[in-house]
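A short worksheet on the structure shown next.
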Amino acid sequence: MYVPYGVPIKEQSGNLRTGGINQADCERMLKGTPGYGDRVLYDAPRGMAQIFNGGPTNGPDETKTFGGTVTQGWNTKFKFVSGSQFDSSQATRGSVTSWKAGGFNYNAGSPYADNLKHGFLHPSQLKELTQLSITPETAGFFNIPVFEVYDLRFFPPTRGQLYRMPEPLTV
């Protein structure tokens with residue numbers, strides 16, 4: 001689930017916050033909240049995001065969430081090849097990046113798909129393709145379905161919170 005920053009959004013109370021929320025708001029509201037705050041990505045591409053497993057909440061207390069069980073391996077660093085580490089936050093960031101770039105099933109070759117299908121790439125496109133930097137957070141590397149949420153009452157980490165949404169920061 002993904003909550004964009006800086007767009008009109010409903011608070012937990014149901015009131016509309018026309019200026020939206022930002023990373024500082026979310027960190028003040030959620031960071032350190034038992035069972036939630038440490039699994040929310042506050043720095044997802046232009047918003048906050050959390051990955052959820054579906055299904056019943058019938059595990060030990062520390063693995064329960066409103067949206068199902070804690071994502072397996074959330075805090076675990078995996079080593080696929082020597083010298084590289086991966087964790088599920090990269091899959092979340094990559095999926096949001098893909099969604100923002102072109103929706104579900106977007107991949108790094110999507111902008112070139114029509115030309116590739118017809119067997120012609122402009123030399124500048126060929127150069128772009130050869131210089132693509134592909135990492136787990138690159139658009140198209142992961143495509144977990146992304147649900148944009150504009151009402152915090154439906155974003156499980158904030159749902160049921162007794163906290164009041166912080167007032168917007170003034171600069």
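Calculated accessible area for region 95-151 comes out at 65 Å² per residue, all protein chains present (probe 1.4 Å; ligands, DNA, RNA ignored). Our estimate of slack between Lys127 and Glu148, defined as 0.36 nm per intervening residue step minus the Cα-Cα distance, is 4.2 nm.
Sorting 85-92, 12-19, 116-123, 26-33 by their mean Cβ neighbour count within 10 Å, with the most densely packed peptide first, gives 85-92, 26-33, 12-19, 116-123.
The values are calculated or read from the model by the stated rules, or taken from the named source; none is laboratory data. Model, not experiment: these values are computed from the prediction. Here the Cβ is made from the backbone with ideal geometry for all residues, glycine too, and neighbour counts use every protein chain on show. Surface accessibility is based on the protein's heavy atoms, side chains included, excluding ligands, DNA and RNA. Shrake-Rupley method; radii C 1.70, N 1.55, O 1.52, S 1.80 Å.
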